[in-house]
Structure formats: C-alpha cells, structure tokens
Amino acid sequence: MILHFVTWRNGKVIVLLELEAALKAAGDPTRTRILKLLEAGPLCVCQVQAVLGLAPSTVSKHLTLLKAAGLVTDRRDGRWIHYALATEERNPYARAVLALLRGPLDREPRILEDRRRLRSVKAVPVEALCALPPAERAPSRLVQVETTRSARPTRRTSPTRAPSRSRRSSHA
C-alpha cells in the first residue's frame with residue numbers, strides 16, 4: 001500500500017512528492033556538500049569533482065539527482081555544463097529546502113574545507129582544469145597557473161628516478 005500526502009492549493013490537488021524528492025536529494029551528505037558549493041555560484045562537473053575528490057561519473061550522478069529534484073539547473077557552455085542553484089520555481093519546495101541549508105552548515109569543518117578547496121580550484125581556468133586527468137584535479141596538486149588561454153596547471157611532481165632496468169638473462 002502506497003500513501004500519498006495531498007494538499008489543496010487554489011482548488012488544485014498537489015501531491016507532496018515534490019517535497020519528498022527535494023528532501024531526499026538534499027538529505028544525502030555529498031549532495032548537501034554540492035549544494036553548499038553551488039552557493040558560491042555556478043560550477044562545472046570537473047570543478048565539483050576537484051573539490052570533493054570524487055569520480056566525475058559520481059559527481060554527475062549526484063548533480064542529475066539534484067536537477068531532477070528541482071534544486072539545481074544546468075546551462076551548456078560549449079563543452080562544459082555549468083550547474084547552479086535553482087532560481088526558478090520548477091519545484092515549489094526547492095526554495096524552502098535550499099533555505100534550510102543556508103546558514104546552519106556554514107561553520108561545519110567539512111563545509112569550510114570544501115570552500116577553501118573551491119577557492120584553489122576556481123583560481124584555475126575551467127579549460128585547463130578539465131583538460132587534466134581526474135586524478136590530477138585535486139586542489140593540493142594544483143600549484144600555479146599561467147593566465148594565458150593555453151595554460152595548464154603546474155603540478156607538483158616527485159623527484160625523478162632513473163628508470164629501472166630489468167635483469168634479463170641472455171641465456172635462452
């Protein structure tokens with residue numbers, strides 16, 4: 001048996017499934033962190049991935065769920081899709097759910113660390129960041145970036161080692 005909570009608004013029946021979708025989407029800790037990141041403005045998948053340290057496919061899945069719940073919107077810009085907090089009323093409960101996240105979580109250590117990482121990530125042009133392999137997008141690996149269009153972030157490297165030679169016997 002499935003229960004649906006129903007309310008009346010202006011003579012129309014509104015099923016509260018939209019509220020449930022928004023609450024479920026925002027209730028996941030990773031998606032809450034993404035929503036808190038998006039408070040600073042639109043971000044592409046590779047920027048979110050760099051801050052959270054998750055695989056791009058994982059970040060995309062979370063963003064897809066947030067979009068389906070009406071909490072975020074997306075905008076295509078060439079090769080990149082930028083996600084932002086929803087400003088339109090696709091889900092009548094989105095604004096209230098997003099308002100619940102503002103303020104109370106701002107002093108949480110994990111949110112503060114995410115924001116610190118986001119500042120480092122935003123210092124890198126999106127084109128350069130997204131050109132890096134996902135494993136190299138971590139803010140701790142990004143040291144400096146030239147501001148030219150063709151810039152690639154300089155990465156910390158370990159001291160170079162001489163290639164090891166395999167010991168092969170010349171005997172057959």
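Things worth noting here:
- Sub-7 Å Cβ pairs linking a first residue in segment 84-96 that is in contact (Cβ under 8 Å) with a residue 12 or more places away in the chain to a second residue that is part of a loop (DSSP other than H, G, I, E, B) and acidic (Asp, Glu), at least 6 apart or interchain, are Leu85/Glu39, ordered by first then second residue.
Every residue, every condition in (1) aromatic (Phe, Trp, Tyr); (2) more than 30 Å from Val121 (Cα to Cα); (3) at pLDDT 90 or above, yes or no:
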| site | (1), (2), (3) |
| --- | --- |
| Phe5 | yes, yes, no |
| Gly11 | no, yes, no |
| Val15 | no, yes, no |
| Glu18 | no, yes, no |
| Ala25 | no, no, yes |
| Arg33 | no, no, yes |
| Gly41 | no, no, yes |
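- Hey, Val45 touching a helix residue (DSSP H, G or I) at 6+ places or on another chain (Cβ under 9 Å), modelled with pLDDT under 90 and either surrounded by fewer than 19 Cβ atoms within 10 Å (Cβ to Cβ) or closer than 29 Å to Ala21 by Cβ (or both) or not: no
- Residue within segment 55-75 that is surrounded by fewer than 12 Cβ atoms within 10 Å (Cβ to Cβ), more than 16 Å from the chain's Cα centre (by Cα) and of a type in the set (D, E, K, R) present: no
The values are calculated or read from the model by the stated rules, or taken from the named source; none is laboratory data. What you see is a predicted model; the values in this text were computed from it and never measured. Cβ atoms come from the backbone with ideal geometry, glycine included; neighbour counts cover every protein chain shown.
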